[in-house]
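Have a look at the structure below, then the notes.
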Amino acid sequence: MPQYESVHVKKTLTNVAVAYFQSPDVFIADGVSPQVRVNKSSDYYYTFGREHFRVLNPIRRPGTTPVEVEHTVSKDQYVVEEKSLREKVTQEEIDDADDPIEPESDAARYVSERLRLSREHRIATQLQNAANYQAGMKVTLADEAQWDKHTSSDPITNIQTAVDAVAGRGKAPNTMWMGYEIWSKLKHHPDFIARLEDQSTRIVTAALLMKIWEEIEQIYIGRALYDSAAEGQTETLNYVWGKKFGVCYVNRALPNKKVPSFNYTFVWPYKTTAGRVRREDVATQPGNAQGSLYQARTYPHADPGAKCEWVEVGMRTGFKITGAYMGYLISDAVA
């Protein structure tokens, strides 16, 4: 909770408010992990067998029946947990706050930022864990092979190997993701600069990568920062998405429990949103649950004498890698 003095702004500063919020475009979890709205906190999603890759002779002779085939269906379970944070707002803050300070809505914004960063870190940790990838679908670079070693590394071959590996499992990848620490080195790599047209401005952008790998529809560069220091220690900022590079197929067009995707974030929406601070409704999607992704609400402190209330923001989500064969991980892409 901010100190009482911090919300009483001197009149000369009434048009100035400084908030250390990260820009929304630094977060990439929504892009690399499509959301599937569900109606229950825990249920099953379905995975289908790979019999359709087997080549058969479908000839039917006169008087005989067609060749019989079958497909297998298995299921796995997702679990959605509620994640929520709250901040205390005193009546004195509300009564004495000067424009543009709005203690309740400012608390909701701050709590939402913390909640979103927590989710970003949680998903990034799972996607950067090599144990979540199948054998042959991951590699660790070292020494002269790392992409910041511009004269000896070969990122185009490394990335092509990843793309080919995913495509070779039956689903061409449509997504690349990486941390900013990788992109800051990769965009200066001479192998990519050499691919630029001579008459063009010689700046490597994500669009160049999508020209080289036409299968790729989206490239996400994670720029979110988090403080890795222990509580009370000197701030130590690090990039959430680290030094790993991913190639995968994710179904952003129609996320569904029956549609293959490398991973999903299962969301159990709130059917109603209580409180007067914030409401963020999600767009209705056919076949999916409707409601609010976030719930923001205010409620009084248990002790009336405290003369304060809580501002709480929550969301109910569960991350799951649903098709490990559709993802490839390059670890330690830069030193």
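Here are the numbers for this structure:
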| quantity | calculated |
| --- | --- |
| Strands (runs of 3 or more DSSP E) completely within the stretch 286-335 that count 3 or more residues being modelled with pLDDT of 85 or more | 308-321, 327-331 |
| Matching entry among ARG114, ARG122, ARG54 (being among the basic types (Lys, Arg) and farther than 27 Å from GLY318 by Cα) | ARG54 |
| Residue pairs meeting the criteria (Cβ under 8 Å; at least 6 apart or on separate chains; first over 14 Å from LYS320 (Cβ atoms) and without any contact (Cβ under 8 Å) to a residue 24 or more places away in the chain, in the stretch 63-86; second outside any strand (DSSP E or B) and among the charged types (D, E, K, R)) | PRO66/ARG60; VAL67/ARG60; VAL69/GLU51; GLU70/GLU51; HIS71/GLU51 |
| The stretch 27-52, subset outside any strand (DSSP E or B) and acidic (Asp, Glu), residue surrounded by the fewest Cβ atoms within 10 Å (Cβ to Cβ) | GLU51 |
| Close pairs from the stretch 193-216: first touching a residue at least 40 places away in the same chain (Cβ under 8 Å), partner assigned to a helix (DSSP H, G or I), Cβ under 6 Å, at least 6 apart | TRP213/VAL163; ILE216/MET210 |
| Filtered residue count, the stretch 88-101, keeping only those that are in contact with a Lys or Arg (Cβ under 9 Å, 6 or more places away or on another chain) and of a type outside the set (Val, Ile, Thr) | 3 |
| Residue list for the stretch 248-265, filter: of a type in the set (A, V, I, L, M, F, W, C) and at pLDDT below 95 | ALA253, LEU254, VAL259 |
| Number of positions in the stretch 64-86 that are assigned to a loop (DSSP other than H, G, I, E, B) and loosely packed, with under 10 Cβ neighbours inside 10 Å | 7 |
| Residue check, VAL89 β-branched (Val, Ile, Thr) and not in a helix (DSSP H, G or I) | yes |
| Flag if GLU120 is among the charged types (D, E, K, R), modelled with pLDDT of 95 or more, assigned to a helix (DSSP H, G or I) and touching a helix residue (DSSP H, G or I) at 6+ places or on another chain (Cβ under 6 Å) | yes |
| Residue count for the stretch 217-254, restricted to those that are assigned to a loop (DSSP other than H, G, I, E, B), surrounded by 20 or more Cβ atoms within 10 Å (Cβ to Cβ) and touching a Phe, Trp or Tyr at 6+ places or on another chain (Cβ under 6 Å) | 4 |
| Odd one out for PRO100, checked against (1) more than 24 Å from ARG316 (Cβ to Cβ); (2) modelled with pLDDT of 85 or more | (2) |
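The values are calculated or read from the model by the stated rules, or taken from the named source; none is laboratory data. No experiment lies behind these values; they were computed from the predicted model shown. All Cβ positions, glycine included, derive from the backbone under ideal geometry; neighbour counts span all protein chains shown.
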